[in-house]
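The values are calculated or read from the model by the stated rules, or taken from the named source; none is laboratory data. As the structure is a prediction and not an experimental result, all values here were calculated from the model. Every residue, glycine as well, gets a Cβ built from its backbone with ideal geometry; the counts of neighbours run over all protein chains shown.
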Amino acid sequence: MMLITRALLAFTALLLTWLPAHAQIAFGGTPIGLMKHRPWLEPAEELVLPEVDAAALIAEDEARLAAGIKGPWRFGFNHAVDLRSSNSGTWTTLRNGDRVWRMAITCPGAFSINFRFNRYVIPEGGRVFVYNDAGEWLGAFTAASAGGMQSMGVTQISGERITIEYHEPLAVAGQGELAIDRVTHAYRDVFRTLKDFGDSESCNINVICPEGDPWRDQIRSVAIITTGGSGFCTGTLLNNCAQDSTPYFLTANHCLDADVENWVFRFNWDSPSCDPTENGPTNQTVANCVLLTSSTTTDLAFLELSAKPPADYDVFYSGWDKSGATPDSVCGIHHPSGDIKKISLSQSPVGQANIDLGTGAADCWQVTVWDAGTTEPGSSGSGLWNQNKRLIGQLYGGAADCANSVDDYYGRLDVSWPLLETYLGSCGDTLPGLGEVPIPILYDAAITSIVNIPVLICGDSVVTPIVTLKNNGIATLLNVTISYGLMGSPVNVFNWSGSLLPLQTANVQLPGSSLHRAASSYS
């Protein structure tokens with residue numbers, strides 16, 4: 001039996017890129033300002049923001065910690081700004097008529113910078129990048145990165161100076177609109193660039209350590225949240241009765257702020273080694289969410305992320321137990337002090353308590369003592385799992401630290417349930433987790449690389465791309481149709497035939513394509 005499978009290939013006059021089928025915060029590519037042989041660009045207008053008094057801010061944080069407040073853990077100072085693509089920055093018109101807007105921002109002495117687009121309107125083909133002076137970048141961000149919203153938080157990038165770049169194709173000239181109303185100066189080293197261990201205390205245990213082995217699935221459900229631009233909390237993806245991967249997310253009510261819809265969620269920020277702690281991936285993020293329900297009576301905040309985390313994040317949707325049964329032992333997974341993900345374990349039954357830690361009385365599970373690890377500011381909102389690996393609550397606060405790891409309080413899922421049932425469904429007292437196990441596909445052709453494309457082309461030319469064809473299916477590929485061409489131009493079709501076994505690859509040279517009709521955007 002022969003099957004023709006279509007693999008779609010699109011390229012422009014400068015670079016090639018693949019756009020994933022799912023919405024996620026970044027879609028790859030390289031900013032024009034960092035290309036080795038880039039078009040000439042006007043120097044970017046620069047805004048230098050005032051210095052911040054880091055010592056005074058840290059003293060305020062220590063006072064909050066002494067009062068037993070567990071979060072959000074503050075790492076930065078928010079500057080109010082009014083930067084728009086219409087009143088700030090520098091525009092450059094390229095030879096093909098495309099336009100590039102760039103704005104540089106300096107926060108003297110900052111360890112990193114993040115910010116919020118309070119207006120984010122990107123037309124088709126438009127792309128946004130953020131990069132620092134070390135050549136690191138975030139993006140490309142597209143309209144899909146904001147999950148259908150017209151505002152978007154942008155995660156941290158290291159250094160005290162960043163450049164924001166927006167590339168607008170000629171075909172959509174004037175349709176894009178960007179505005180920035182907040183820039184966050186990180187006075188703490190959130191990426192641990194100056195130390196081997198993070199800001200959390202030394203008794204905390206990296207999730208990669210042996211203590212985490214029984215909890216590998218649950219670990220993948222936990223994300224660190226950038227709240228209000230300048231703070232960190234923790235939360236957990238939850239499974240629902242439909243088991244359809246709806247990205248429901250549980251955290252703490254006291255983490256909420258007026259900017260909740262523009263929170264940024266970073267998954268899998270885990271150290272790859274137990275000791276010493278090493279940095280993990282920082283680019284597995286999802287931006288924006290919708291607040292579905294909240295309550296002070298269990299310190300509950302329940303969200304839906306703007307997009308399902310992509311398959312390559314390999315997340316887990318945690319199971320839960322709403323029965324109210326007292327567990328024999330518990331586990332907490334969290335980001336203490338905004339640090340890389342940690343795990344805490346208690347081998348004792350928990351108690352019940354109604355307690356007010358400064359944000360209202362809440363019905364809680366009381367962890368009387370942690371036998372391994374602890375919690376800290378930044379752990380707020382993190383999940384508590386029972387011995388059956390079912391989530392039963394989220395962290396409200398408490399007195400626990402490395403010196404005396406006792407008395408932490410978690411809002412009870414069983415008490416919260418009347419608010420959650422509308423979203424999670426009715427399917428009994430317990431539900432197992434959902435691990436995103438891929439279903440084998442019989443025929444699945446993919447293009448895994450594209451080469452022989454010049455970085456910069458001037459004038460008429462012909463490009464003959466070479467692609468790597470891979471068989472990701474479980475049946476032998478005999479025929480594949482590859483469609484390719486310039487964006488906005490007629491599509492070329494090449495019919496490949498051969499015998500490609502599962503997981504095998506083949507290099508395929510495509511017939512030349514004329515570039516006399518210049519593409520209207522970079523990819």
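Descriptive notes on the structure:
So that you can scan it fast, the table gives a plain yes or no per residue for (1) touching a helix residue (DSSP H, G or I) at 6+ places or on another chain (Cβ under 8 Å); (2) part of a loop (DSSP other than H, G, I, E, B); (3) not acidic (Asp, Glu):
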| residue | (1), (2), (3) |
| --- | --- |
| 331 | yes, no, yes |
| 349 | no, yes, yes |
| 364 | no, no, yes |
| 367 | no, no, yes |
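- Among the candidates 121, 154, 130, 100, residue that is more than 16 Å from the chain's Cα centre (by Cα), of a type in the set (A, V, I, L, M, F, W, C) and under 25 Å from residue 307 (Cα atoms): 121
- Among the residues of the range 218-230, some residue qualifies, meaning at least one is assigned to a helix (DSSP H, G or I) and not polar (S, T, N, Q).
- Single match in 395, 424 (criterion: in contact with a strand residue (DSSP E or B) (Cβ under 6 Å, 6 or more places away or on another chain) and modelled with pLDDT of 95 or more): 395
- Only a single item in (1) farther than 30 Å from residue 356 by Cβ; (2) without any contact (Cβ under 8 Å) to a residue 60 or more places away in the chain is not met by residue 62, and it is number (1).
- Look at the range 121-149: where a residue is assigned to a strand (DSSP E or B) and a partner is surrounded by fewer than 21 Cβ atoms within 10 Å (Cβ to Cβ) and among the basic types (Lys, Arg), sitting 6+ places away or on another chain with Cβ atoms under 7 Å, you get 132/161.
- All conditions but one from (1) in the same structural domain as residue 54 (by TED's automatic domain parsing); (2) of a type in the set (D, E, K, R); (3) surrounded by fewer than 24 Cβ atoms within 10 Å (Cβ to Cβ) apply to residue 216; the one that does not is (1).
- Condition met for residue 275 (acidic (Asp, Glu), farther than 22 Å from residue 240 by Cβ, touching a residue at least 40 places away in the same chain (Cβ under 8 Å) and in the same structural domain as residue 259 (by TED's automatic domain parsing)): yes
- Any hit, the range 412-421, residues being in contact with a Cys (Cβ under 8 Å, 6 or more places away or on another chain), buried (at least 24 other Cβ atoms within 10 Å of the Cβ) and within 24 Å of residue 256 (Cβ to Cβ): yes
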